[in-house]
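Okay, so here's the structure we're looking at.
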Amino acid sequence: MKKIVAFIKKKTDRFVHFTSPYKFDIMVTENHDNAVRLIENDIISFHHRMSTKEVANHVYRYKYKAETKDKVSISCLSIPVSGGEVAGYNVRPNAVAMLNEWELRLLVAIMADGTFPNKTDDRCILEFKKGRKKDRFEMLCAKAGVPYVKIEKKDCITKYQLIAPYRTKTFGPEFYSLPRSHYEAIFDEVPFWDGSVCKNGYRTPNETTRFYTSDKASADYVQFLAAIHGFYASVRADLVNRRGDKRVPWVVTWSHKANIRNNYGKGTKKAEVNISWENLNDFEIIEGEQDCYCWRVPSGMLFLRRNNKTFITGNSGKTKVMIDNMAYLHQNKHITGAIILAPKGVYRNWAEKEIPTHLLDSIDRDVLVWKAEGSAKYKRDLMDSIKKFDTANGGVQVLVYNVESLISEAGQKAIKAFFDKHGDKVMGIIDESTCIKNHKAKRTKAAIAVGQQCKVRRIATGSPITNSPLDLYSQCAFLDKGLLGCGSFYAFRSLYAQVERMQTRMGTSYDKIVAYKNLDLLSKRIEPFSFRVTKSECLDLPEKIYMTRDVTLTPEQVSTYMEMYNREVSYFKGEMMTAEIALTKMLRLHQILCGCFTTDDGTIMSLPNNRISELLETIEETSGKIIIWANYIQNIRDIEEALKKEYGDDTVVTYYGGTSADDRSRAIVDFQNPSSPVRFFVSNPTVGGRGITLTEAHTVIYYSNNFSLETRQQSEDRAHRIGQKNNVTYIDLVVRKTMDEKVIQALLNKRNIANEILKDDLEDWISL
């Protein structure tokens, strides 16, 4: 994985402006690389890498110092590219280009499953066991008019002998010089033979498709096909096939939705992918020194929305993008300072890692961290640093805050001093913006007040909707209270939630949300000021695999569970129960399933249970380092004791509320060290589930879950992030027909609502 490198601003004196086949308005420097297909004097050539200046010269026979632009008859397709060195091809019309569509489709099947027994002829042999492949192959032979000999063998295997239309087992240089119809036929056919397809053999519009091959050249070619058809496509190496233990050297993955977006003009529209080989006569040379901006990212592409406010989501370098945006605004003299608000477990990471790593070295910076627990002297020194900062020296001052600290009087004074120093040139950023989703919370009100004083406001989160659509109100209010068209939270709730007035036997009443409505309208309203990119779109990460392991209850657990269940249900039946009380009662039931429970006086009692033994059995079936998430401190301690007894004291580290800051840092370092004996990272997901990297693990076990979708998604991503080279397997321990299933079902319901609003495609997740 290539590291994301800096935002670059430089001067250049010449641009070339042209329109791409996807109807994009593109302006690049004359030295920018392009993938180019040329037809000149009936000679077809494909160039993986040609400078824009060279393209213009080919098309126009034009030297920049010349006064005329004499055009010649030449067919050209040019697509800007970026990345490493790729060899170019110069190929005359070939035998592949002479094949018809069905001969070409048949050739794809032969390349996937055929063999050539002799080196001197085109005789080919194929063997199939699957009926769908037999039917497809015979249909292709009939359409192509290619005769074959069919031999039935044992074990339902059928052998075919035929003369191949063309002898090859790889997509070589000759496949880059084909008519458009040939590209379409190959792109449509390859997933059937060496890819993942639906049972009926056809792809649905939103399906993710994978192409498997042992040949790097073939992987590169299929990626090229996907690109010219308007889809993102990634190439990964050393992926273990989920359908078996066979190692597949190369896998190409693309999603069957229009991923290429036109970001020029209002709204975000799907690009019209209409590849045309017509002459491109719209090259325009633009002279004169101008600013050139370059964003370098692993995928080679980054789509930006040029709005006053930005909503960036998706575990795809959002911190990096925020810092680059800060650099851009500072370089253009829009801001001199930035306030970054983040949750407790994340905020220091901005100052200690993210800003030093990603902010341009050429920009002087003064990074201050407000520590609520800091001494009086520390806070005085910080205030002095704010007041002494020279806004005219060309640097930027950054104040990093734990969002919880905003409600303190001392914290408010520091914020005021910062605005007094920088005036209207402050950028406000909230990282993990769901930390202000509760509109009633004091920190939410304080954060919104800070945002109203900022010239530029940005929010970022990987999970903007964690409980309900109502989570969006406060986050958007930080950007602008008028963005969603509702003057208050209650107006917002009335528009998007169905509320019923409930009565209790005591004569009291309360409001209860029974359903959500107008979600399509909400999705449309947030689209103009939001941008979302998922990891699958910009990062080449391995797959996520989800499994469940059933746990049986001991007689003691069954008895205790039913006793508490019946007691709580009967006690509150017909009465008003606050959300807090209801959650407390459900958590007590959940604790019993995990082997402990808390009494009314706060005493923690242990219960004989099978969860630990199921955990140990699961570990026995895995290899490598393992993350174990458990919601209750008593469970963490029990797991730690069991693992140390089974595997040794030096194999386990823990990370939860009672772990000191030094021990937390040491736990992460030891776990991430491949040579360390530490194999198990045992943690509470609310504490260790955000802001840290645990990519040495490729197995994650959920000893227990909680009701927070954000906590679940964030904790999953500790292992599944940049640096992970293996598939990550997630295993949930579940007691059927109990609170375990209710917790998971609640997570699934929340995720479905979030996906409906954000228009995400549903992927494989926890299954019951």
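The values are calculated or read from the model by the stated rules, or taken from the named source; none is laboratory data. Only a predicted model underlies this, so the values are computations on that prediction, with no experimental measurement involved. Using ideal geometry, Cβ is built from the backbone for each residue, glycine included, and neighbour counts are taken over all protein chains shown.
Which numbered condition in (1) more than 26 Å from Y516 (Cβ to Cβ); (2) of a type outside the set (D, E); (3) more than 29 Å from the chain's Cα centre (by Cα) is the only one that R457 fails?
Of (1) more than 26 Å from Y516 (Cβ to Cβ); (2) of a type outside the set (D, E); (3) more than 29 Å from the chain's Cα centre (by Cα), only one is false for R457: (3).
Filter the range 147-187 down to residues that are over 17 Å from G131 (Cα atoms) and of a type in the set (D, E) and give me whichever is surrounded by the most Cβ atoms within 10 Å (Cβ to Cβ).
The residue in question is E174.
Please work out if G689 is in the same structural domain as R736 (by TED's automatic domain parsing) and either surrounded by fewer than 17 Cβ atoms within 10 Å (Cβ to Cβ) or out of contact with any helix residue (DSSP H, G or I) (no Cβ under 8 Å at 6 or more places or on another chain) (or both).
no
Kindly list the number of the only condition in (1) more than 33 Å from the chain's Cα centre (by Cα); (2) buried (at least 18 other Cβ atoms within 10 Å of the Cβ); (3) at pLDDT 90 or above that fails for I636.
(1)
Applying the selection to the range 624-636, what residues are within 21 Å of I692 (Cβ to Cβ) and either part of a helix (DSSP H, G or I) or of a type in the set (S, T, Y) (or both)? Spell out the reasoning first.
Just the residues of the range 624-636 that are within 21 Å of I692 (Cβ to Cβ), to begin with: 624-633, 635-636.
Selection gives Y632, I633, N635, I636.
Residues that are modelled with pLDDT of 90 or more and of a type in the set (G, A, S): which strands (runs of 3 or more DSSP E) entirely in the range 655-761 hold 1 or more of them? Before the answer, list the steps.
On the way: elements: 680-683, 697-702, 728-734.
It comes to 680-683, 697-702.
If we only count helices (runs of 4 or more DSSP H) wholly inside the range 44-156, which ones have 1 or more residues that are of a type outside the set (K, R), under 23 Å from A185 (Cα atoms) and modelled with pLDDT of 75 or more?
Per the criteria, 101-113, 131-144.
Before we move on, is Y347 of a type in the set (S, T, Y) and touching a residue at least 12 places away in the same chain (Cβ under 8 Å)?
Working: of a type in the set (S, T, Y): yes; touching a residue at least 12 places away in the same chain (Cβ under 8 Å): yes.
For Y347, the condition - of a type in the set (S, T, Y) and touching a residue at least 12 places away in the same chain (Cβ under 8 Å) - is met.
Select from the range 310-356 the residues that are at pLDDT below 90 and among the hydroxyl-bearing types (S, T, Y) and write down the one among them that is farthest from N438 (Cα to Cα).
Of everything passing the filter in the range 310-356, Y328 is farthest from N438 (Cα to Cα).
Report yes if some residue within the range 483-493 is part of a loop (DSSP other than H, G, I, E, B) and of a type in the set (K, R); otherwise report no.
no
Just to be sure before I move on: is G648 touching a residue at least 60 places away in the same chain (Cβ under 8 Å) and either loosely packed, with under 15 Cβ neighbours inside 10 Å or not assigned by TED's automatic domain parsing to the domain that holds M586 (or both) in the structure I sent?
In short, no.
Right, Q557: modelled with pLDDT of 80 or more, touching a strand residue (DSSP E or B) at 6+ places or on another chain (Cβ under 6 Å) and not aliphatic (A, V, I, L, M) or not?
No; evaluated as a whole, the condition is false for this residue.
From the set of residues in the range 595-633 that are among the acidic types (D, E) and closer than 19 Å to T584 by Cβ, which is modelled with the lowest pLDDT?
D600
What number of residues within the range 321-352 are surrounded by fewer than 18 Cβ atoms within 10 Å (Cβ to Cβ), touching a Phe, Trp or Tyr at 6+ places or on another chain (Cβ under 9 Å) and part of a helix (DSSP H, G or I)?
Residues that pass the stated criteria total 1.
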